[in-house]
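Notes follow once the structure below has been shown.
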Amino acid sequence: MYASREDIGYDFGDDSKVGSKPIKPNPNIDGGWAWMIVLSSFLVHILIMGSQMALGILNMEWLEEFNQSRGLTAWVSSLSMGITLIVGPFIGLFISMCGCRKTAIIGGILNALGWILSAYASNVHYLFLTFGVTAGVGSGMVYLPAVVMVGQYFQKRRALAQGLSTTGTGFGAFLMTALLKYLCTEFGWRNAMFIQGAVSLNLCVCGALMRPLSPKDVVGEKYVVRSNSEDNQAKALSHSAETVKSNGVLSEEPEKKEEATHEEVLDSVQHIEIGSKSRSGRSMYGLRILKTVSQLTVTVRKGFAIWYSSYFGAASLFTNRVFVAFIIWALFAYSSFVIPFIHLPEIVKQYNLSSQNNIFPLTSIIAIVHIFGKVILGIISDLPCISTWNVFLMANFTLVTCILTLPLMQTYITLAVVCALIGFSSGYFSLMPVVTEDLVGTKHLANAYGIIICANGISALLGPPFAGWIYDITHKYDFSFYISGLLYMVGIIFLLIQPCIQKKQPGEKCTEETQV
């Protein structure tokens, strides 16, 4: 039996001060505008992750248009998917400087620009730059804020909220596949990409919905009032989470001094501006530019200081041993989910099951059950006396077991059952932001989750080509699943050997604050 996830990574601060002045909770936390944030994140997953799941339609068009090898052409899609996740740590820098809303709006524009420029591609290498890099970076700038904002707006129902928002990936896979197929048939692939670019501008609307919370309202910060039982329970914080939290305090004083220095500079600029009203308009215009540049410099330096301290300073996330183990797990996990999508059609063809698979494709079974898996696992994780961490580990064990046994299934029924289990257990993706937040706290969520999705991006980028290379050597797909499954198991073992949560005291009864 384990301590609750609230015990894993929140900074409770000075309890005596907190209890003396009760603060009225923000009605938008766990309700109100929070559900608009869920809707925004849901639409982001449809437009970004759903579109990437449907790139097989465009991949066939590119093969026919440019007459390049399948391996070279496939790198266009792999770059787009991989870069979307790999740029996560750098997007954390933008969030620190500009906030989630501005970052997402800029990313929406960049993503749409990548789609539109790709419509004029003359070769595959042109698509590497426009679609793989430009659209990929834009997607990453929208995806990370969409996940972070849901974590900030929810406390009691975080797992459910993340589960609902990430179901957009499954819905998007169906909607975008049908849309791209229709557009390519009616207007050609170039016009289809141009239209898709226009559709992607809706990401800017999703970004505009990401209204920031005031610092005192951020879920999990020390401003939230807690009961005496929660105060006592706070003393049982895990060592791994305390490392980041305690170290984070070390850098506050230098930041305050630096911020005060910049404020003095701005004040001096303002005094100069007031005393110069009698001067010419040109001088006033120059002073306004100087003031704007000074304000921008303050914002950039402050955001960079927060970002740098999270990775390399005293409050480095890498001092958290469990978080490092989580990164190692992420390096192996995502490829095990992507590989079946890539190689299942070929396996079905080898087993002469194409006629049955055409009626109801196995990849569609994974996608459909994946939607329900995210929601159901989110609901289960939010139940009293249920540990999100335990649900997360059980889902991982189920998925790795399915990956290792899938090559042994040679009939459509058995393959369909295994694929359904793969789809359901992979619903743990909705729990990844929750587990990350539990490990490092809300304050570090943007940078921490950026690292996790970066590791996932590397896995997604290298996993399928590695599986194809294994097939070229052995002429079987079996070893691709066995090797990826074993590597996945290594990642799970890294999670198990770390003291991420503390065991409950003997004889203690299960309450709402205690998880089993």
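The values are calculated or read from the model by the stated rules, or taken from the named source; none is laboratory data. Just so it is clear, the structure is predicted and the values come from calculations on it, not from any experiment. Methodologically, a virtual Cβ is constructed for each residue, glycine included, from the backbone with ideal geometry; neighbour enumeration extends over all protein chains shown. The area values use the complete protein model at the heavy-atom level, side chains included, leaving out ligands, DNA and RNA. Shrake-Rupley method; radii C 1.70, N 1.55, O 1.52, S 1.80 Å.
With a simple spin-label model that places each label point 7 Å from the Cα along the Cα-to-Cβ direction, the separation between K291 and L39 comes to 3.8 nm.
Converting the Cα gyration tensor eigenvalues of the range 343-385 into ellipsoid dimensions via √(5λ) gives semi-axes, longest first, of 33, 9, 6 Å. Taking amide hydrogens as placed 1.01 Å from N in the peptide plane, the amide H of S387 sits under 5 Å from those of V516, each at least 5 positions away in sequence or on another chain. Model label sites at K156 and T185, defined 7 Å from Cα along the beta-carbon direction, differ in position by 4.8 nm. Rolling a 1.4 Å probe over the protein chains gives I29 an accessible area of about 40 Å². Rounded to the nearest whole Hz, the Karplus-based 3J(HN,Hα) values (6.51 cos²θ - 1.76 cosθ + 1.60, θ = phi - 60°) of the range 360-375 follow the sequence 9, x, 5, 5, 5, 4, 4, 5, 5, 5, 4, 4, 5, x, 5, 5, with x at glycine and proline.
Given R0 = 22 Å, the distance between the Cβ atoms of L129 and Q68 translates into a calculated FRET efficiency of 0.90. Placing a pseudo-label 7 Å from each Cα along the Cα-to-Cβ vector at R211 and Q410 gives an inter-label distance of 6.1 nm.
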